[in-house]
1. Could you name the aspartates and glutamates in cross-link range of K35, using Cα to Cα under 12 Å and dropping any fewer than eight places away on the same chain?
2. For the range 70-135, how big is the tail of P(r) above 16 Å, as a whole percent of Cα pairs?
3. Just to verify a number: FRET efficiency for N108 and V59, C-beta to C-beta distance, R0 = 35 Å, to 0.05?
4. Quick one: 3J(HN,Hα) in Hz for the range 84-94, Karplus 6.51/-1.76/1.60 with θ = phi - 60°, rounded, Gly and Pro as x.
5. To the nearest 0.05, what FRET efficiency results for N38 and L126 with a Förster distance of 30 Å applied to their C-beta separation?
6. Got a sec to turn the phi values of the range 11-20 into Karplus ³J(HN,Hα) couplings, 6.51 cos²θ - 1.76 cosθ + 1.60 with θ = phi - 60°, whole Hz, x for Gly and Pro?
7. If R₀ is 22 angstrom, what is the calculated FRET efficiency for the pair T7 and M30, using the beta carbon separation as r and rounding to 0.05?
8. If the cut-off is a Cα-Cα distance under 29 Å, which lysines reach K137, setting aside same-chain residues fewer than 8 apart in sequence?
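None of the figures in this text is laboratory data; all of them are computed from the coordinates on show. The structure presented is a predicted model; accordingly, all values stated were derived computationally and were not measured. Positions of Cβ are backbone-derived with ideal geometry, glycine not excepted, and every protein chain shown enters the neighbour counts.
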Amino acid sequence: MTSTTGTDFQNRLQWSLFSLRLGVFIVMIMWTFDKFVNPGHSARIFEHFYGISGSTDVVAYVLGGLQLILVLAFMAGIKKRLTYGIIFVMHGLSTLSSYNQYIEGFNNLLFFTAWPMWAACFALYLLRDQDVKLTVK
């Protein structure tokens, strides 16, 4: 068994947390871009999963703009308690609102990928003070 030094452990931890943050960012930025590229898709998602009807393109653009600010701040490690917390809650709501998709799991396998991502969001929130690799100081 090989032991690692404290510095080596911290370096591995920081790179691990960075990789989780980058992975979550990639998913969240694509969801953000979707609001600009295909605002009608956002309206259908709001209606189907959240029961919110009547969403317009303008609503999708505004929400997309706010989400873009949040996701970029998250990736940069700005105001971690706030940004990591909001990302965790947002993704949690998204994961839980898809409960009907889990009932027929084998017909909706991709929805299950939300759970490990939510776990990554939780880990990042808990370990936010150690997540310092490539963040804004």
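1. K35 reaches D57.
2. It works out to 49 percent of all Cα pairs.
3. 0.85
4. Taking θ as phi minus 60°, the curve returns 5, x, 5, 4, 4, 5, 4, 5, x, 4, 5 Hz for the range 84-94.
5. That gives a FRET efficiency of 0.35.
6. After applying 6.51 cos²θ - 1.76 cosθ + 1.60, I find 5, 5, 4, 4, 5, 5, 5, 4, 5, 5 Hz.
7. 0.05
8. Straight-line reach from K137, under 29 Å: K79, K80.
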